[in-house]
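**Student:** Here's a structure for you.
Just so you know, all these numbers are worked out from the coordinates, no wet-lab data involved. Keep in mind that what you see is a predicted model, and the values were worked out from it rather than measured. All Cβ positions, glycine included, derive from the backbone under ideal geometry; neighbour counts span all protein chains shown.
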Amino acid sequence: MLIAGLIERLRSLKLHGMARALVDLGATRSGAELSFEDRLTLMIDHEEAERASRALRRRQQVAKLRFPDASIEEVDLRRRQGLSRSALLALARCEWIRAGHNVLLTGKTGVGKTWLACALGERACREGFSVRYLRLPALFAAMQAARGDGTAPRLIERLGKVQLLILDDFALYPLDSEQRRDLMEIVEERAQRRSTLLTSQLPVKAWHAAFGDPTLADAVLDRLVHNAYRLELDVDKGKSLRDAGAPPELQ
């Protein structure tokens, strides 16, 4: 009865990892042979592991990655030109996020830009960083709705706090004046403090012309490009992963 009462008290305190560890210890003969300190250590270890697992699940849910199952371990370097093993390992360490640097992924349709971006986002989640994935059209739609109900400043503030913001399909569509200003405000909120990962079909040298407003283009691109790692992806013999018959999750 004493153990049952302790288990209930641990659960009421939301120490579910410790409660489960205590149940497991009571179910094994070896548990009774452990010292009090050893049992307490095991219970604390279980609690820490469970809390870390819950926190990771929350970060992954908030990130809303387009390909949530993408991972660095699954990247096939043989299929992606422009991405070396040393560059991949450097990005996987996430030091660029700690330093507030950006990553620019460019390449034709089908080379795996979005999948790789999601793999880097998943890695960042595992390293304890907050992540958010958004396609540019969805971002602009959210900003338009936020302006309509007066919550645009709060949305910009929230996006500014995300440690890794992934913006997919940059410069895929022409930007209107409102969208250019929205992007400028978001980039300005994050500049030098938080990391942004952009994917685009256009090479970086073409972004200025695609932006549409030379003055705002200078301001936005200066904040995005000057401290960014650039990766221009390609695949063997110029074929896309889609043409090569890769499964959808790798495209």
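**Student:** Taking 0.36 nm per residue of sequence separation and subtracting the Cα-Cα distance, how much length would be gained by fully extending the chain between LEU56 and GLU95, in nm to one decimal?
**Tutor:** Values: separation 39, 0.36 × 39 = 14.04 nm, distance 1.88 nm.
Stretched out fully, the LEU56 to GLU95 stretch lengthens by 12.2 nm.
**Student:** Further, regarding this structure: How large is the charge dipole for the chain, taken about the Cα centre, if only the Cβ atoms of Lys, Arg (+1) and Asp, Glu (-1) carry charge, to the nearest 20 debye? Spell out each step's value before the answer.
**Tutor:** Values: 40 positive and 34 negative charges, 20 e Å.
With Lys and Arg at +1 and Asp and Glu at -1, about 100 debye.
**Student:** With springs only between Cα atoms under 10 Å, which of LYS113, LYS205, LYS161 fluctuates most in a Gaussian network model of the chain?
**Tutor:** Of LYS113, LYS205, LYS161, the most mobile in the Gaussian network model is LYS205.
**Student:** Given an 8 Å cut-off on Cα distances and at least 6 residues of separation, report the relative contact order of the chain as a percent.
**Tutor:** Computed over the chain, the figure is 25 percent.
**Student:** Modelling each spin label as a point 7 Å along the Cα-to-Cβ direction, I'd like the ASP176/SER84 distance in nm, to one decimal.
**Tutor:** 4.5 nm
**Student:** Another question about this same structure. Set the Förster distance to 30 Å, then compute FRET efficiency between GLU48 and ALA145 from the Cβ-Cβ distance, nearest 0.05. Please report the intermediate quantities before stating the final value.
**Tutor:** On the way: r = 40 Å, r/R0 = 1.33.
That pair, GLU48 with ALA145, gives E of 0.15.
**Student:** Now for a separate question. What FRET efficiency, computed as 1/(1 + (r/R0)^6) with R0 = 22 Å and r the Cβ-Cβ distance, is obtained for LYS108 and VAL225, rounded to the nearest 0.05?
**Tutor:** Working: r = 20 Å, r/R0 = 0.92.
Efficiency computed from Cβ-Cβ geometry: 0.65.
**Student:** Consider just the alpha-carbon atoms of the chain and return their Rg together with their Dmax, both in angstrom.
**Tutor:** 22.9, 75
**Student:** Relative to the longest principal axis of the C-alpha atoms of the chain, give the angle of the C-alpha long axis of helix 177-190, reported between 0 and 90° and rounded to the nearest 10°.
**Tutor:** Its long axis makes an angle of about 40 degrees.
**Student:** Between their Cα atoms, which of LYS64/LYS161; LYS113/LYS205; LYS14/LYS64 are more than 20 Å away from each other?
**Tutor:** LYS14/LYS64
**Student:** Once you list every other residue whose beta carbon is under 12 Å from the beta carbon of LEU42, what net charge do they have if Lys and Arg are +1 and Asp and Glu are -1? Spell out each step's value before the answer.
**Tutor:** Values: positive: ARG20, ARG39; negative: ASP24, GLU37, ASP38, ASP45, GLU47, GLU48.
The answer is -4.
**Student:** Additional query: Looking only at the chain, where both bridge partners belong to it, what percent of the DSSP beta bridges are antiparallel (to the nearest 5)? Each step should come with its number before you reach the end.
**Tutor:** Numbers: 2 of 20 bridges.
Once the DSSP bridges in the chain are tallied, antiparallel ones form about 10 percent.
**Student:** Which of PHE211, PHE36, PHE170 moves most in a GNM of the chain, Cα contacts under 10 Å?
**Tutor:** PHE36
**Student:** Among GLY112, GLY150, GLY212, determine the one that fluctuates most according to a GNM of the chain built with springs between C-alpha atoms less than 10 Å apart.
**Tutor:** GLY150
**Student:** If you fit an axis through the alpha-carbon atoms of helix 136-149 and take the longest principal axis of the Cα set of the chain, what angle between them do you get, 0 to 90°, nearest 10?
**Tutor:** Its long axis makes an angle of about 80 degrees.
**Student:** Picking from PHE211, GLY128, PHE170, whose Cα lies most toward the positive end of the charge dipole for region 64-250 (charges on Cβ: Lys, Arg +1; Asp, Glu -1)?
**Tutor:** The one lying farthest along the dipole's positive direction is GLY128.
**Student:** Under the rule a/c < 1.5 gives rounded, and otherwise a/b versus b/c splits prolate from oblate, where does region 102-212 land using the Cα gyration tensor?
**Tutor:** On the way: a/c = 1.80, a/b = 1.10, b/c = 1.64.
Because a/c hits 1.5 or more and a/b fails to exceed b/c, region 102-212 counts as oblate.
**Student:** Once both labels are modelled 7 Å past Cα along the beta-carbon direction, what's the ILE72-VAL23 spacing in nm?
**Tutor:** 3.5 nm
**Student:** Here's a follow-up. What does the charge count around LEU165 come to, taking other residues whose C-beta lies under 11 Å from its C-beta (Lys +1, Arg +1, Asp -1, Glu -1)?
**Tutor:** +3
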